[in-house]
Amino acid sequence: MSQLLNSDAVQGAHPTPCPHYTRLRTSQLIGRYAVQSLHQELAAYPKPGLVSPVDSGSHQDMDALVFFRSLFSLRSYFREIALAGMQGSSFAILKLLGITAEERMLKATQGVNTHRGAIFNLGLLAAAAGQLIGADLSLQKDALSTVISVRWGDAIKQHGRSLPKTSHGSLVAAHYDVGGALHEAYSGFPHVFKVGLPALQESLARGADQNSATVQCLFSLMKELADTNLLYRGGDSGLLFARESARSFLADGGVHRPDWYKQAVEIHREFVKRNLSPGGSADLLAATLFVNRLQSWDKS
């Protein structure tokens with residue numbers, strides 16, 4: 001990792017050209033993986049309180065069709081931001097690309113915020129992947145995390161300070177003294193690399209299919225994350241209920257017990273009754289799926 005921390009790609013000099021792929025082809029592949037990861041997150045079921053093709057969970061203003069329209073609008077964004085990463089772009093450039101993507105998303109969804117978290121999280125990860133690949137560096141272990149925290153961490157902090165403290169996430173993070181999405185980002189997404197990815201990869205290694213492993217990953221993130229979406233909807237008691245539900249599900253064997261699906265559906269229905277939705281965990285689930293695709297490709 002010392003090689004990565006001292007590399008020109010992290011410190012901001014122009015990366016060297018990709019040795020085996022053209023930059024455009026590689027950025028297109030990164031973009032495709034990002035969209036595929038978001039689709040996998042959407043398609044997974046049962047997910048407590050979250051939108052899926054089965055139902056809208058605890059969300060009255062959106063359904064799977066709205067998410068599909070949103071995904072379609074974001075196809076070019078992830079390719080563009082990966083290419084920006086290859087070019088050694090500053091956070092200011094990445095931010096402009098994200099703002100433009102958010103405008104396209106809101107137009108496609110008629111004002112519904114479906115993927116604002118993904119635009120930020122997966123956008124940063126796509127840019128980090130582009131920067132590493134452009135410098136012919138590995139995507140394995142915590143390389144993506146390190147690029148984000150070292151290359152753009154300070155700028156992300158400054159971005160957070162400049163934002164008006166009016167969003168649900170920022171208000172809840174301040175009130176409950178929790179990190180929130182910005183803290184997760186400038187820290188290099190520790191819950192993705194220390195919680196989500198190990199849970200996903202272990203579940204797949206044990207023979208779970210993609211849907212089951214995705215659900216297992218979500219519950220693992222719910223158990224550990226101080227999810228500001230849960231705090232906003234249910235306060236301390238809502239977060240405690242969600243964490244305890246996840247802890248109990250995992251302690252019973254998670255998706256590796258025969259009747260896991262029935263138990264997960266029951267938890268999902270209880271979340272809907274309580275109007276709870278672990279949106280922060282869902283955002284990090286999509287990020288985890290994206291990192292897993294990137295690292296699997298990097299090994300091939």
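How much length is gained on full extension from D55 to L96, taking 0.36 nm per residue of separation minus their Cα-Cα distance?
Contour length minus the Cα-Cα distance gives 11.4 nm.
So what are the ³J(HN,Hα) numbers for the range 224-237, from phi and the Karplus equation (6.51, -1.76, 1.60; θ = phi - 60°), rounded to whole Hz, Gly and Pro as x?
Couplings: 9, 7, 7, 6, 5, 5, 5, 5, 5, 7, x, x, 4, 5 Hz.
Compute the acute angle (0 to 90°) between the alpha-carbon long axis of helix 116-134 and the principal axis of greatest extent of the alpha-carbon atoms of the chain; round to the nearest 10°.
Long axis of 116-134 versus the principal axis of the chain: about 40 degrees.
Between helix 153-162 and the chain, what is the angle of the helix's C-alpha long axis to the longest principal axis, kept within 0 to 90° and rounded to the nearest 10?
That helix lies at roughly 60 degrees to the long axis.
If I take every Cα pair under 8 Å that is 6 or more residues apart in the chain, average their sequence separation and divide by the length, what percent do I get for the relative contact order?
This gives 25 percent for the chain.
Quantify how much of the Cα-Cα distance distribution of the range 2-299 extends past 35 Å, in percent.
Taking all Cα-Cα pairs of the range 2-299, the fraction more than 35 Å apart is 14 percent.
Any idea what % of Cα-Cα pairs in the range 224-283 are farther than 14 Å?
54
Starting at the first residue of the range 291-298, write each ³J(HN,Hα) from the Karplus equation 6.51 cos²θ - 1.76 cosθ + 1.60 with θ = phi - 60°, in whole Hz, x for Gly and Pro.
Using θ = phi - 60°, the values come out as 4, 5, 5, 4, 5, 5, 5, 5 Hz.
What net charge do the residues around K194 carry, taking every other residue with its C-beta under 12 Å from that of K194, with Lys and Arg at +1 and Asp and Glu at -1? Mind dumping the intermediate values first?
Values: positive: K141; negative: D142, E184, E224.
The answer is -2.
On full extension of the chain, what length is gained from K107 through E244, given 0.36 nm per residue of separation minus the C-alpha to C-alpha distance?
45.5 nm
So what's the net charge close to S277: Lys and Arg +1, Asp and Glu -1, counting the other residues with Cβ under 11 Å from its Cβ?
So the surrounding residues net to +2.
FYI, it's all coordinate maths here, none of it is from the lab. The shown structure was predicted, so the numbers you read here are calculated from the model rather than taken from an experiment. Reconstructed Cβ throughout: ideal geometry from the backbone, glycine too, with neighbour counts over all protein chains shown.
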